[in-house]
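Before any comments, here is the structure.
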Amino acid sequence: MARADLLLALVRSGAGGDDLAFRRAAEALIAEENAKKHGVLASQLAEALTRRKTLGSTVSPLTRPRESVGLLHETEPVRRLTDLVLPTTVRLSATELVEEHHRRDLLRSHGLEPRHRILLEGPPGSGKTTLAEAIATEVAVPLLTVRYEGVIGSFLGETASRLDALFSAVRVRPCVLFFDEFDAVAKERGDTHETGEIKRVVSSLLLQVDKLPSHVIVIAATNHAELLDRAVWRRMQIRLPLPSATREGKIEWLRAWSARKGVVFGKSERTIADRLRDASYAELEDFAGDVQRRQILGGFDADPTSVTESVLRAWAARARPGANG
């Protein structure tokens, strides 16, 4: 607490208030105090730092937090990395990232920061959102998902202004900031079909991401990596491909889910995987949830085999994209 009190006194006195390194140190400490539930001290630091405006700027990174309402959806993550079926290289990279954040003080003693910008690329349902949640769980921070309907405006300059409010809100708290369908806001600026306004938004977004402290883990996910601006690839320190669900991956997922939930399918996982050969991991989770619900509602007399077979038939009859031409 003495360190925070000293910094508060320095900020209030004006010492170092406009120095970038000083500001980042102050923001990191505010985030630590927020994480420790020391809300009063964190607020005092934020208020004092806000008064010290950056030279030539009329907006401080810590002003107007209420303007971020509607821009973010906050969830308390529950999934773990052990719950996910991941390629070996992806699991190793995610584990290394988590270790860096758990041991960040050691890295900082050597002048290094933990990596905190990750790009996930893969088809729908491959586990990008669940991996972001699992990383948030392992690092013990909330998951903040960007709400594009709140960020993207129809008037000139509106989107950039909302992005400013969003980044101002997250700078001073440890979190995972998740951009799903990142190509919606980070398209290639060389695309002749895009307007100048969109190109300015992309430039602003990438600059804001660059400025974020390492206690904000930015995870961007996309189904269309080819649409992303090339600068996105340079800025992301970790780039992970998540492939479609394989037969063996589905079998592994079903076994792990059954053991974790205590739900017996009554059919072998191989049989289920073969009959759901086109399902993604996300769809597999929906299927397993359907089986669990039907077993619960069926009571003690519910036969697991019959329930699973009934749900499998229902899934076989489901409409799929392109089924009607």
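Screening Leu143 with (1) within 25 Å of Gln208 (Cα to Cα); (2) out of contact with any Pro (no Cβ under 8 Å at 6 or more places or on another chain) gives one miss only, at (2). Test Val291 against the stated conditions and say whether it is of a type in the set (Val, Ile, Thr), under 25 Å from the mean Cα position of the chain (by Cα) and in a helix (DSSP H, G or I). Criteria not met by Val291.
Yes/no per residue for (1) outside the structural domain of Leu131 (by TED's automatic domain parsing); (2) exposed (fewer than 14 other Cβ atoms within 10 Å of the Cβ); (3) farther than 12 Å from Arg247 by Cα; (4) touching a Ser or Thr at 6+ places or on another chain (Cβ under 6 Å):
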position	(1), (2), (3), (4)
Ile272	yes, no, no, no
Glu285	yes, no, yes, no
Gly289	yes, no, yes, no
Gln292	yes, no, yes, no
Asp301	yes, yes, yes, no
Val307	yes, no, yes, no
Ser310	yes, no, yes, no
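As a summary of the residue check, Lys250 satisfies the conditions (1) within 30 Å of Phe300 (Cα to Cα); (2) over 24 Å from the mean Cα position of the chain (by Cα); (3) part of a helix (DSSP H, G or I) except for the one numbered (2).
One line per residue, one yes/no per condition, for (1) farther than 21 Å from Pro241 by Cβ; (2) β-branched (Val, Ile, Thr):
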residue: Leu107; (1), (2): yes, no
residue: Ser126; (1), (2): no, no
residue: Val139; (1), (2): yes, yes
residue: Ala165; (1), (2): yes, no
residue: Val176; (1), (2): no, yes
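When Leu97, Leu166 are checked against the criterion of being within 18 Å of Leu212 (Cα to Cα), in a helix (DSSP H, G or I) and modelled with pLDDT of 95 or more, a single residue qualifies: Leu97. When Gly125, Gly190, Gly153 are screened for being assigned to a loop (DSSP other than H, G, I, E, B), modelled with pLDDT of 90 or more and surrounded by fewer than 22 Cβ atoms within 10 Å (Cβ to Cβ), only Gly125 passes.
Filtering region 137-165 to residues that are touching an Asp or Glu at 6+ places or on another chain (Cβ under 9 Å), within 13 Å of Val218 (Cα to Cα) and among the aliphatic types (A, V, I, L, M) leaves Leu143, Leu144, Val146. Quick one: in region 113-157, which of the residues that are in contact with a helix residue (DSSP H, G or I) (Cβ under 9 Å, 6 or more places away or on another chain) and free of Cβ contacts under 8 Å to residues at least 60 places away in the same chain is nearest to Pro87 (Cα to Cα)? Only one residue tops the list, namely Ala134.
Looking at Thr222, Thr246, just one residue is surrounded by fewer than 15 Cβ atoms within 10 Å (Cβ to Cβ) and either modelled with pLDDT under 85 or not basic (Lys, Arg) (or both), and that residue is Thr246. Pairing residues of region 279-306 that are without any contact (Cβ under 8 Å) to a residue 24 or more places away in the chain with residues that are part of a loop (DSSP other than H, G, I, E, B) and among the aliphatic types (A, V, I, L, M), at Cβ distances under 6 Å and at least 6 apart in sequence or on separate chains, gives no pairs at all. Only residues that are crowded, with 18+ Cβ neighbours inside 10 Å and in contact (Cβ under 8 Å) with a residue 60 or more places away in the chain were counted across region 229-243, and they come to 4.
The values are calculated or read from the model by the stated rules, or taken from the named source; none is laboratory data. It should be emphasised that the depicted structure is a prediction, and the values quoted were computed from it without experimental measurement. Because the Cβ atoms are built from the backbone with ideal geometry, glycine has one as well, and the counts that use them run over all protein chains shown.
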